[in-house]
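S.K.: Following this message is one structure expressed as structure tokens.
Any read-out appearing in this document is the output of simple, stated calculations on the displayed coordinates, not a laboratory observation. The structure displayed is predicted, hence computed values, not measured ones. Using ideal geometry, Cβ is built from the backbone for each residue, glycine included, and neighbour counts are taken over all protein chains shown.
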Amino acid sequence: MIFGISLGVGLSLLIYVGLNNVGDYMLTFMLEIKVKNPKTENLAHVINPVQIENACEKVPRKFSMSGKIVDANTNQGISDAKFVVLVPDTLIYEYDAFLDSSSILSQAVTDNFGNYTLSRQLRNRRKYSMFINADGYKRKKLDEQVMESCDESLTKNFTMQH
């Protein structure tokens, strides 16, 4: 589906909405600017395409998150790993400094196969800091990750190093 909008003399915006080769929605914005070349008096076209992959048709307000935490070398699930998501705008070093449990938004402990499901839903397109602790592994830290999903659930897998 293509939409075209004229923004004035010599300026138009084309918007293409479609599916990419794996079935995800894709938006492409193209701004076309027609300018006169002073030497030739001809119109030159300047087109600047911007493409957004995995654009959602309808964005849910919140979503649940689950997945698997695996060993980076063996790809085997890690049991009893603790996955913690902090309240938005809380950084990991802030949590570490005070160990304030009110800074935890959601958490999960993996099963024998490394599977987890967070205890609370996340708000779409918000920044979250999160970390994973597991015996025998380096702590995995992810500060200010923008979390977004086109569905009401998101599957996100993580690897951990010894």
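S.K.: Along Cα→Cβ, 7 Å out, is where each label goes; now give me the distance between the ones at Phe113 and Lys82 in nm to one decimal.
M.R.: Label-label distance for Phe113 and Lys82, simple model: 2.5 nm.
S.K.: Now a separate question. How large is ³J(HN,Hα) for each residue in segment 114-124, as worked out from phi by the Karplus curve 6.51 cos²θ - 1.76 cosθ + 1.60 (θ = phi - 60°), to whole Hz, x for Gly and Pro?
M.R.: x, 7, 9, 9, 5, 6, 9, 6, 9, 7, 5
S.K.: Longer than 24 Å from Cα to Cα, which of Lys82/Lys127; Lys58/Lys140; Lys62/Lys138; Lys68/Lys127 are they? Say none if no pair is. Mind dumping the intermediate values first?
M.R.: Values: Lys82/Lys127 20 Å; Lys58/Lys140 32 Å; Lys62/Lys138 30 Å; Lys68/Lys127 21 Å.
Violating the 24 Å limit, Cα to Cα: Lys58/Lys140; Lys62/Lys138.
S.K.: Shape call for segment 53-162 from the C-alpha gyration tensor, a ≥ b ≥ c root eigenvalues: rounded (a/c under 1.5), prolate (a/b greater than b/c) or oblate?
M.R.: Values: a/c = 1.92, a/b = 1.21, b/c = 1.58.
The shape class here is oblate.
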